[in-house]
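Comments concern the structure below.
The values are calculated or read from the model by the stated rules, or taken from the named source; none is laboratory data. Just so you know, these numbers come straight off a predicted model, no measurement behind them. Cβ sites come from the backbone with ideal geometry, for glycine too, and all protein chains shown count toward neighbours. Protein only, heavy atoms only, side chains kept; ligands, DNA and RNA dropped before computing areas. Shrake-Rupley method; radii C 1.70, N 1.55, O 1.52, S 1.80 Å.
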Amino acid sequence: MLKTNINRLRVLGFLEGISYLLLLGICMPLKYMMDIPEPTSYVGMAHGVLFIAYCLWVVIVAVELKWGFSKIFWALAASLLPFGTFVADARLFKPEEVKR
C-alpha cells in the first residue's frame, strides 16, 4: 500500500482528516464546554504534524506527477475543510492511483 508516493499521500490525507475531525468534534467541545483542555494539546499537536506532512507530501506528489496549479490548489485547500481530505482522496488522489 505504501509503495508509491500517491498511496502515501492518501494515507496521510486519511490520518490528517481523522485528526481534524477528532480535534473539532471531540477535543474542542471538551475544552470549551467541559473545561477539559488536555486532549486538545495532544490531538492538536498530532494534527499539526499531520497537516504539515500532508501539505509537504502534496507538493512532492505534484512535482512527481506534474500536476497543474488547479489540482495543487484543491489538494491543499482540502486540508483546511472538515472532510476535505476524504473528498480529495476520492476525486483527486484515487484517479491518479488508477492511472499508474
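Based on this model, can you work out whether Gly17 counts as assigned to a helix (DSSP H, G or I) and surrounded by 17 or more Cβ atoms within 10 Å (Cβ to Cβ)? Yes. Quick check on Asp35: is it buried (at least 16 other Cβ atoms within 10 Å of the Cβ) and acidic (Asp, Glu)? For Asp35, the condition - buried (at least 16 other Cβ atoms within 10 Å of the Cβ) and acidic (Asp, Glu) - is not met. I'd like to check something: does the stretch 20-34 contain any residue that is in contact (Cβ under 8 Å) with a residue 12 or more places away in the chain, within 18 Å of Thr4 (Cβ to Cβ) and assigned to a helix (DSSP H, G or I)? For the stretch 20-34, residues in contact (Cβ under 8 Å) with a residue 12 or more places away in the chain, within 18 Å of Thr4 (Cβ to Cβ) and assigned to a helix (DSSP H, G or I): absent. I'd like to check something: does the stretch 24-31 contain any residue that is at pLDDT 95 or above, open to solvent by 40 Å² or more (accessible area, probe 1.4 Å) and under 21 Å from Pro95 (Cα atoms)? No.
Looking at the stretch 49-88, which of the residues that are in a helix (DSSP H, G or I) and among the charged types (D, E, K, R) is surrounded by the fewest Cβ atoms within 10 Å (Cβ to Cβ)? Walk me through it before giving the result.
Filtering the stretch 49-88 down to residues in a helix (DSSP H, G or I) leaves 49-65, 69-80, 84-88.
The next check asks that each one be among the charged types (D, E, K, R); those that pass are 64, 71.
Details: Glu64: 12, Lys71: 18.
It comes out as Glu64.
Within the stretch 70-96, residues that are of a type in the set (A, V, I, L, M) reach no partner that is assigned to a loop (DSSP other than H, G, I, E, B) and crowded, with 16+ Cβ neighbours inside 10 Å with beta carbons closer than 7 Å at six or more positions or on different chains.
Going by the structure shown, is Pro95 open to solvent by 50 Å² or more (accessible area, probe 1.4 Å) and in contact with a Lys or Arg (Cβ under 6 Å, 6 or more places away or on another chain)?
Numbers: open to solvent by 50 Å² or more (accessible area, probe 1.4 Å): yes; in contact with a Lys or Arg (Cβ under 6 Å, 6 or more places away or on another chain): no.
When the stated conditions are applied, Pro95 does not pass them.
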